[in-house]
């Protein structure tokens, strides 16, 4: 049975759509979590942060980040993301215990080759 990939993002995000296409072209089943329909739970975020620095989850180029004024504040990234999921950089891809953020086809290929 081929591995299941979890793609966390939004339907409007171009990089999320590219990630979905990357796996579909390789015949890999994906499970999509749309952040506009369901925010990540605190437990899910903590699991993701076991592999990634919480700061890496933030899209510092987004309007949400600018509007929140986070560039000028000291804050807990997980707390901010729980309050405002639009701060997340997408897609977040989960493959077993592995996690990547953003468009990372080289990393995804390495997962599939193992």
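Subtracting the Cα-Cα distance of residue 76 and residue 4 from their residue separation scaled by 0.36 nm leaves 22.9 nm. Footprinting exposure proxy ranking of 57, 52, 103, fewest other C-beta atoms within 10 angstrom first, gives 52, 103, 57. Counting 0.36 nm for each residue step from residue 112 to residue 25 and taking away their Cα separation leaves a gain of 30.1 nm.
Hey, with R₀ at 22 Å, roughly what FRET efficiency would residue 64 and residue 42 work out to, going by the Cβ-Cβ distance, to 0.05?
Efficiency, rounded to the nearest 0.05: 0.70.
Here, P(r) means the percent of Cα pairs in each 5 Å bin from 0 to the largest distance; for segment 47-114 it is 3, 16, 27, 21, 15, 9, 6, 2, 0.
Any read-out appearing in this document is the output of simple, stated calculations on the displayed coordinates, not a laboratory observation. All figures in this text were calculated on a predicted structure; none of them were measured in a lab. Cβ: placed from backbone, ideal geometry, glycine included. Neighbour counts: every protein chain shown.
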